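The values are calculated or read from the model by the stated rules, or taken from the named source; none is laboratory data. Keep in mind that what you see is a predicted model, and the values were worked out from it rather than measured. FYI the Cβ positions are ideal-geometry reconstructions off the backbone, even for glycines, and counts take in every protein chain you see. All accessible areas refer to the heavy atoms of the entire protein, side chains included, with ligands and DNA or RNA removed. Shrake-Rupley method; radii C 1.70, N 1.55, O 1.52, S 1.80 Å.
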Amino acid sequence: MTVKEAEELIRKGRAYASRTKYKEAIAYYERALALDPSNPSGWYHRAAVFIETGRNTEALADCERAISLNQNYSDAWSKKGHALYNLERYEEAVVACTRALALNGNDASAWYIKGVCLDELGRNIEAQEAYGKSLELEIILDMEAEKKKIGR
Amino acid sequence: MKTEMPLSKPIRLFVSQTENILDTEIALLRNPEADPNGTLVDVYTYNIEKNVILFPAHYTGLLKDFIIARHCVHLLIKGAAAKKSRYLVCSFTGGSVYQGIHQIYIDALKDEAKKEKKLPVTKLIQMLSILYTNFNDDINELPWNPITNARVYHRMPQIRKTQLYYLMKEGKADMDDMMEYEDIIPRRYFVLNKAMFYARDQYLAKTLPADELMPVINIPQMKKFNHLEVKEMLTTRWTHTSWYQSKVFGDTILEIMEKYLQKIDWNAESSLDYFHEIYQLGVRMTNHFISYMSMKDWFVWEPPKHLQDAQARKTEYVDEALKKIFGDLIEEHSADNTQG
């Protein structure tokens, strides 16, 4: 029951986060984590909100907690890359994004962050490659979004 | 600029440079409902404290970067105008709405005379207002489109592939624009609308014909464009539409466009003077378009606030114009609608 309750709280937190009501979202995630700290999703989603609100060190800690609970959690690796980028720890961000992409090669955001970090590190050729991959995926997503809009 | 979202280095520098030149702040915001072309809400148009560039939430990478770059160029033009002289837009008054709607009505009557199936009055009235508004929107947006695109192309080579995707997407949408009104709009206006976009595409095809604008061929939906560079895509697709007749008008609009835009050094360093000059050229080019399309009395150059107020009073202006044109008929029509 606790597990289900925690998932429901996470779902509510996400609904608030999508409306940029971050304070409320965090409150729900914290209640979920208090009920079930072994759910990596709760840590991941709280990390996402922490990033949106500029709390990058806390976001990084949450991503690491989520990853410690599930080593193959690609979104958590990707978000870790984002937090590290914001903390200007570019080398580590590249490593995190590379791991995210090994688990899910279709993560446009991870390719982009990887490209941005490689660019910052002066590794331009690798950066262009990552940007190219990110653009391809973004365009596919955009075309799908357009199709959905037409279908509506 | 304060943002927690990742931004590629050239865009980050470009946004900072824009802020420095204009001594203003730019906020970047994701929004699930944002227009696919993004939206610029700026301090030179609205009474707000900082500029906001909005873009769709699912644009997390280079698509977002391109939108930001293009809106930054537009912001620089608006800001330079506001700081060096006055920033004006094409607005309208009760009198100019009447001039526009009356002209469209006269042209519609000429078209209607040739038609076997006449357009119902309700639809005709609807069309007059829609068409006038559409041209007002286009005349405020279209002239700046080739300018912002050309500047981004020359100053941001890193995002040229993204730009190509955008040009294709935007061009397609503009070709489809007003198609639902095809049967009710006087042919002259339909052709002029298409001609403006045709000219824009031809200009961009001439200005941005670099090899690196080859399509991203790994995307299945874009495979059909394989081996076509941007120039071919922008030009040949017009030959495949029924609106190829727009070419005659479009070529003239293209000549006007080139006359003004050839004076711009797209690679020049950014400065207030540079963007102010671009603004002035853009205004002169817009006036030339208006004059060529015989719409001189349709619009007035006024500050953005005037346009916002005019938009708020648009229904009133349109009603007044319709009463002048249709007299009692429009009152009967309104009464019928109320009862219906």
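Two decimals, Cα atoms only, Kirkwood Rh: what is Rg/Rh over the protein assembly as shown? Provide the component values of the computation, followed by the final result.
Numbers: Rg = 25.8 Å, Rh = 25.2 Å.
With Rh from the inverse mean 1/r over Cα pairs, Rg/Rh is 1.02.
Cα centroids of segment A:69-143 and segment B:7-77: 23 Å apart.
Stokes-Einstein diffusion coefficient for chain A at 20 °C in a medium of 1.002 mPa s, Rh from the Kirkwood formula over Cα pairs: what value in µm²/s? Write down the numbers at each step before the final one.
On the way: Rh = 16.1 Å.
For these conditions, the coefficient is 133 µm²/s.
In this Cβ point-charge picture (+1 for Lys and Arg, -1 for Asp and Glu), segment A:2-150 has a dipole of about 540 debye about its Cα centre. The residues packed around B:Asp65, meaning those with a beta-carbon under 12 Å from its beta-carbon, carry a net charge of +4 if Lys and Arg are +1 and Asp and Glu are -1.
Calculated FRET efficiency, B:Lys263 to B:Asp177, Cβ-Cβ distance, R0 = 35 Å: about 0.75 to the nearest 0.05. Interface of A with B. Using a 1.4 Å probe and counting protein heavy atoms only, the two chains hide about 2400 Å² of accessible surface, both sides summed. Extension gain for B:Asp309 to B:Glu141 (0.36 nm times residue separation, less C-alpha to C-alpha distance): 58.6 nm.
Would you mind estimating how fast segment B:1-60 diffuses translationally, via Stokes-Einstein at 37 °C and 0.692 mPa s with the Kirkwood radius over Cα pairs, in µm²/s? Answer from the Stokes-Einstein relation: 270 µm²/s. By the Stokes-Einstein formula, at 1.306 mPa s and 10 °C, segment B:103-182 with its Kirkwood radius over alpha-carbon pairs has D equal to 102 µm²/s. Each residue of segment B:195-208 is assigned a 3J(HN,Hα), and the resulting list reads 4, 4, 6, 4, 4, 4, 5, 5, 4, 5, 4, 6, 7, 10 Hz, derived from the Karplus form 6.51 cos²θ - 1.76 cosθ + 1.60 (θ = phi - 60°), x at Gly and Pro. Computed from label points 7 Å out along Cα-Cβ, the spacing between A:Glu91 and B:Thr3 is 2.8 nm.
For B:Thr252 and A:Leu121, FRET efficiency with R0 = 45 Å and r from the beta-carbon atoms, rounded to 0.05? Provide the component values of the computation, followed by the final result.
Working: r = 51 Å, r/R0 = 1.13.
About 0.30, to the nearest 0.05.
Within 10 Å of each Cβ of B:3-10, how many other protein chain Cβ atoms are there on average?
That works out to 6 on average.
For segment B:254-317, the fraction of C-alpha pairs farther apart than 16 angstrom is 60 percent. Remind me, relative contact order of segment A:2-150 in percent, using alpha carbon pairs under 8 angstrom and six or more residues apart? Dividing the mean separation by the residue count of segment A:2-150 yields 13 percent. How many angstrom separate the Cα center of segment B:84-123 from the Cα center of segment A:1-61? About 55 Å separates the Cα centre of segment B:84-123 from the one of segment A:1-61. Based on C-alpha pairs under 8 angstrom that are at least 6 apart in sequence, segment A:1-58 has a relative contact order of 34 percent. Distant-in-sequence amide contacts of B:Ala27, defined by a placed amide H-H separation under 5 Å and a gap of 5 or more residues or a different chain, comprise B:Asn51, B:Val52, B:Ile53.
As a check on your grasp of the helix formula, calculate [θ] at 222 nm for chain A: sum -39500 (n - 2.57) over DSSP H runs of n ≥ 4, divide by the residue count, round to the nearest 500. Before the final figure, lay out each step's value.
Numbers: 8 runs with 126 residues, N = 152.
-27500 deg cm²/dmol, from helical runs alone.
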